[in-house]
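Chemist: First, the structure itself, so that you have it in front of you.
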Amino acid sequence: MMIKYGNFTLKRVDNDLIISRGLIEKRQLTIPLNRIQAIRISENLLRQPFGFATVSIESAGWSLENEGSGKVMILPIIKREKIREILGAHIKEYSLLSDCIPAPKRSLRRYLFRGLIFCLVPFIILILFFKAWGLLSLSILPIVTLWSYYKYKDAGWRLEDNQLTLRYRTIVKHTVFMKKNKIQAFDL
């Protein structure tokens, strides 16, 4: 990480973001601001307790020669409190307010059900094949329940002006800021 992202700089020149990075191999990337589809803040399990996050952008019109993805990391590791201050100076088009409307209380049952249903089949198979040893798999049940509860607690959304903010957790907690007119696909 130190070699790949050493000497990391992010600057705005006119209507472009210019990212340069690398200690041994220097790389520079220019991203037009009008191509930004979304800004994603990701907090993994190791960084989240210490208040650190990773910020990436999803860009439209990306070519295959650039790793086949429109996702570009613009801040590899940063204190969560400083994200709005640093990105606000570079990307003024997005409001990076992270306070979201939480998921309704009635959805907690569905989060718990979905978490438990995926584990139920493996639990049954282990109990059928390994009998007493298979019952040990039930010791994972409190962990799955707790994880489902955290997914519920981290879920949220915010709709303000022309911007949609979504917050959710898989293993990593994500907060995604996107302009409504730049959404290309939507699943329910």
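The values are calculated or read from the model by the stated rules, or taken from the named source; none is laboratory data. All values reported here derive from a predicted model rather than from experimental measurement. Ideal geometry is used to build each Cβ from the backbone, glycine not excepted, and the neighbour counts take in all protein chains shown. Calculation scope for accessible area: heavy atoms of the full protein, side chains included, ligands and nucleic acids excluded. Shrake-Rupley method; radii C 1.70, N 1.55, O 1.52, S 1.80 Å.
Chemist: Mind listing just one residue for me: the one in the range 9-20 that is more than 14 Å from residue 59 (Cα to Cα) and touching a residue at least 24 places away in the same chain (Cβ under 8 Å) and, of those, surrounded by the fewest Cβ atoms within 10 Å (Cβ to Cβ)?
Modeler: 11
Chemist: Take the range 131-166 and flag every residue that is open to solvent by less than 40 Å² (accessible area, probe 1.4 Å), of a type outside the set (Gly, Ala, Ser) and touching a Cys at 6+ places or on another chain (Cβ under 9 Å).
Modeler: The answer is 144, 165.
Chemist: Can you tell me how many residues within the range 136-183 are touching a strand residue (DSSP E or B) at 6+ places or on another chain (Cβ under 7 Å), closer than 21 Å to residue 57 by Cβ and assigned to a loop (DSSP other than H, G, I, E, B)?
Modeler: 2
Chemist: Same structure again: From the residues in the range 37-68 that are aromatic (Phe, Trp, Tyr) and not in a strand (DSSP E or B), which one is modelled with the lowest pLDDT? Working first, answer last.
Modeler: Pass one, the range 37-68, residues aromatic (Phe, Trp, Tyr): 50, 52, 62.
Those still in the list that are not in a strand (DSSP E or B) too: 50, 62.
Working: 50: 93, 62: 56.
Among those residues, the one meeting the criterion is 62.
Chemist: If you go through the range 150-163 one residue at a time, do you hit one that is at pLDDT 85 or above and closer than 21 Å to residue 72 by Cβ?
Modeler: Within the range 150-163 (the criterion being at pLDDT 85 or above and closer than 21 Å to residue 72 by Cβ), the answer is yes, since at least one residue qualifies.
Chemist: Scanning for something loosely packed, with under 13 Cβ neighbours inside 10 Å, at pLDDT below 85 and farther than 21 Å from residue 9 by Cβ, does the range 24-36 turn up at least one residue?
Modeler: Yes, that holds for at least one residue.
Chemist: Identify all residues within the range 96-124 that are under 30 Å from residue 10 (Cα atoms) and either in contact with a strand residue (DSSP E or B) (Cβ under 6 Å, 6 or more places away or on another chain) or surrounded by 15 or more Cβ atoms within 10 Å (Cβ to Cβ) (or both); write none if there are none.
Modeler: 96, 98, 100
Chemist: How many residues does the range 161-182 hold that are touching a residue at least 60 places away in the same chain (Cβ under 8 Å) and farther than 23 Å from residue 148 by Cα?
Modeler: 6
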